[in-house]
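Reading through the structure tokens given below for one structure.
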């Protein structure tokens, strides 16, 4: 079923969009009932109880008969964290799901003007006191302002040198080396089963996940839950 809805994340450049879905909550129930050669025409209370049972007992294969396709525009630091999740989840026997698809724009071919994620002066977070990862409270205002200015300078310098390289005949696949990577926006498509999507949500909605990817996970949840309200409610721990 073709459907398009978009939610902006972080700033005017970042977003998550849902393009297509295959199946409904009823698809999940019927995938489970096929073992007994049974099928429901409409979603019943019995189907809802069945979905609850499947999720509670870890019978996850029926949730892999439902597919959704998303488009992301995210800073590279978010995209790479998302990608590592996709690779890792496809190898976990616990998920049993290796059906994820990922296609990403490449600056070997794309030479349009790059865009970057720049935290505002009041958005820079301190290092946590009790962990080697994650973040703590907002840094003092003067540090946030200086960090903002330094990052803007880094991005502006990188773009100038990138454009110089292209103008002087250097190929795009090498010219991109001048672009600061982690804050640069990258566009990609992610197609996954409902089980994989919900596994991603459980991992990245967690309070100890990086704040930026939490924001993307919240957007995914907002897009997917209205389409599969029963299944998502049972599979995702918010």
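What follows draws every value from the coordinates through simple rules; no lab data is involved. All values reported here derive from a predicted model rather than from experimental measurement. Positions of Cβ are generated from backbone atoms using ideal geometry, with glycine treated the same way; all protein chains shown enter the neighbour counts.
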Above 13 Å lies some portion of the pair distances; for segment 121-178, what is it as a whole percent of all C-alpha pairs? 68
Once the Cβ-Cβ distance between residue 206 and residue 126 is put in as r, and R0 is 25 Å, what FRET efficiency do you end up with, to the nearest 0.05? 0.80
For the chain, what Kirkwood radius comes out of the mean inverse Cα-Cα distance, in Å? 19.9
Given R₀ = 25 Å, FRET efficiency for residue 161-residue 113 by Cβ-Cβ distance, to 0.05? 0.95
Put one equal scatterer on each alpha carbon of segment 100-205, apply the Debye formula with no solvent term, and list log10 I(q)/I(0) at q = 0.11, 0.15, 0.16 1/Å to two decimals. -0.55, -0.89, -0.95
From zero up to wherever the largest Cα-Cα distance of segment 1-50 sits, split into 10 Å bins and tell me the percent of pairs in each. 22, 32, 22, 17, 7, 0
Sorted from fewest to most neighbouring beta carbons within 10 Å, what does the list 182, 188 look like? 182, 188
Give the angle, between 0 and 90 degrees and rounded to the nearest 10, that separates the Cα long axis of helix 76-90 from the longest principal axis of the Cα atoms of the chain. 30
